[in-house]
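Worksheet for the structure shown next.
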Amino acid sequence: MSGGTIVYKTAEEIEYIRNSSLLVGKTLAEVAKNLKPGVTTSSLDAIAEKFIRDHGATPSFKGYHGFKHTLCISVNEEVVHGMPGARVIKEGDVVSVDCGAFMNGYHGDSAYTFPVGEVNEDTLQLLRVTKTSLLKGIEQAKVGNRIGDISATIQSYAEKNGYGVVRELVGHGIGKQLHEKPEVANYGKRGSGPQLKAGMTIAIEPMINRGTRSIIQLKDGWTIITGDRKPSAHFEHTIAITEAGPDILSTFSYIELAIEENSYITEKIETLA
Ligand code: MG
Ligand code: MG
């Protein structure tokens with residue numbers, strides 16, 4: 001996480017962040033079209049990198065602190081920061097794909113978790129609750145609230161459903177830098193933390209575990225897995241705080257269209273009430 005202070009964006013800068021974030025949504029849709037049992041995670045990464053570069057952008061993650069890939073692909077008990085490679089996707093996997101794109105000087109960042117083929121109902125519910133926790137967090141992202149209102153809302157919703165909320169990894173401000181201030185934790189106290197003001201752009205990204213919240217970092221230096229090896233889910237949007245309320249700059253709409261057309265992904269992750 002970079003140091004410094006919160007950088008507030010102009011309306012024009014927010015549109016640049018929106019364009020980068022929309023490209024990320026379209027890139028994740030390309031991944032969704034190609035996700036099926038038998039594909040390697042490195043082949044998905046190659047598709048995403050080509051798509052981003054074909055649109056005049058660069059992958060935000062490639063080269064970030066030495067990360068060598070366009071996507072983080074985290075399967076089953078992997079929470080985040082999974083590295084694409086020779087791993088073959090199998091029927092029943094849940095696959096979290098995180099992507100960033102940099103265009104016209106600004107980053108966009110978004111993530112989605114896909115169930116491949118038949119996935120057990122308990123794990124599907126984890127995905128639904130995680131996606132819903134993101135949307136509930138976004139609802140709190142309004143002028144006059146504080147970061148802690150987002151954090152506490154995500155935490156209480158996920159814990160009410162019996163899940164573990166990862167604490168060591170957090171959301172973040174975003175703009176010219178992939179990771180800016182403030183940190184956006186997925187746990188915390190209402191009314192705490194920095195005040196939300198118009199012009200803030202943040203990535204909100206709950207990482208929710210079916211079991212314990214504890215995590216382990218693998219010896220590769222990147223991959224984070226759950227302490228009990230139960231599955232984990234991750235959904236992320238880049239948003240802007242505006243006087244009119246939260247403005248979601250990234251989108252899942254392209255991804256969800258791609259899911260509808262992919263017979264290997266039969267379950268659309270519905271948002272819960
Ligand atoms: Mg991300
Ligand atoms: Mg992020």
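The values are calculated or read from the model by the stated rules, or taken from the named source; none is laboratory data. These numbers come from a predicted model, not from an experiment. Neighbour counts are summed over all protein chains in view; Cβ atoms, including those assigned to glycine, are modelled from backbone coordinates with ideal geometry. Ligands, DNA and RNA are stripped out before the accessible areas are found, and what is left, the full protein with its side chains, is counted by its heavy atoms. Shrake-Rupley method; radii C 1.70, N 1.55, O 1.52, S 1.80 Å.
Residues in segment 119-134: is at least one closer than 23 Å to Ile14 by Cβ, crowded, with 17+ Cβ neighbours inside 10 Å and of a type in the set (D, E, K, R)?
The answer is no; no qualifying residue exists.
What are the pairs, 6+ residues apart or on separate chains, where a residue within segment 172-190 that is in contact (Cβ under 8 Å) with a residue 24 or more places away in the chain has its Cβ under 9 Å from a residue that is of a type in the set (Asp, Glu) and surrounded by fewer than 20 Cβ atoms within 10 Å (Cβ to Cβ)?
His172/Glu183; Gly173/Glu183; Gly175/Glu13; Lys176/Glu13; Tyr187/Glu159
Just one of (1) out of contact with any Leu (no Cβ under 6 Å at 6 or more places or on another chain); (2) closer than 18 Å to Thr113 by Cβ; (3) surrounded by 23 or more Cβ atoms within 10 Å (Cβ to Cβ) trips up Ile202, so point out which.
Going through the list (1) out of contact with any Leu (no Cβ under 6 Å at 6 or more places or on another chain); (2) closer than 18 Å to Thr113 by Cβ; (3) surrounded by 23 or more Cβ atoms within 10 Å (Cβ to Cβ), Ile202 breaks only (2).
Of (1) among the β-branched types (Val, Ile, Thr); (2) open to solvent by 20 Å² or more (accessible area, probe 1.4 Å); (3) over 14 Å from the mean Cα position of the chain (by Cα), Val170 satisfies all except one. Which?
Of the numbered conditions (1) among the β-branched types (Val, Ile, Thr); (2) open to solvent by 20 Å² or more (accessible area, probe 1.4 Å); (3) over 14 Å from the mean Cα position of the chain (by Cα), the odd one out for Val170 is (3).
Among the residues of segment 239-273, what is the count of those that are open to solvent by less than 30 Å² (accessible area, probe 1.4 Å), of a type outside the set (Phe, Trp, Tyr) and on the phi < 0 side of the Ramachandran plot?
12
What number of residues in segment 6-33 are in a helix (DSSP H, G or I), open to solvent by less than 60 Å² (accessible area, probe 1.4 Å) and either more than 17 Å from Ala101 (Cβ to Cβ) or of a type outside the set (D, E, K, R) (or both)?
Residues that pass the stated criteria total 13.
Please find, within segment 176-192, the residue that is nearest to ligand 2 (Cβ to nearest atom) out of those that are over 17 Å from Gln155 (Cβ atoms) and either surrounded by 23 or more Cβ atoms within 10 Å (Cβ to Cβ) or among the aliphatic types (A, V, I, L, M) (or both).
Leu178
Which members of segment 205-229 meet the condition of being without any contact (Cβ under 8 Å) to a residue 60 or more places away in the chain and surrounded by 20 or more Cβ atoms within 10 Å (Cβ to Cβ)?
Across segment 205-229, the qualifying residue is only Arg213.
What is the one condition in (1) touching a Lys or Arg at 6+ places or on another chain (Cβ under 8 Å); (2) open to solvent by less than 10 Å² (accessible area, probe 1.4 Å) that Phe114 does not satisfy?
(1)
Output the number of the condition that Asn145 fails; it satisfies all remaining conditions of (1) within 14 Å of ligand 2 (Cβ to nearest atom); (2) in contact with a Leu (Cβ under 6 Å, 6 or more places away or on another chain); (3) within 21 Å of Glu243 (Cβ to Cβ).
(1)
Checking Pro59 against (1) open to solvent by 30 Å² or more (accessible area, probe 1.4 Å); (2) closer than 19 Å to Thr27 by Cα; (3) within 14 Å of ligand 2 (Cβ to nearest atom); (4) more than 14 Å from the chain's Cα centre (by Cα), which test does it fail?
All conditions pass for Pro59, except number (1).
Only one of (1) more than 16 Å from ligand 2 (Cβ to nearest atom); (2) over 22 Å from Glu121 (Cα atoms); (3) open to solvent by less than 10 Å² (accessible area, probe 1.4 Å) is not met by Lys197, so which one is it?
So the condition that Lys197 fails would be (3).
Working only within segment 109-123, note down all residues that are away from ligand 2 (no atom under 16 Å from the Cβ) and either touching a Phe, Trp or Tyr at 6+ places or on another chain (Cβ under 9 Å) or under 19 Å from Lys26 (Cα atoms) (or both).
Of everything in segment 109-123, those that are away from ligand 2 (no atom under 16 Å from the Cβ) and either touching a Phe, Trp or Tyr at 6+ places or on another chain (Cβ under 9 Å) or under 19 Å from Lys26 (Cα atoms) (or both) turn out to be Phe114, Pro115, Val116, Gly117.
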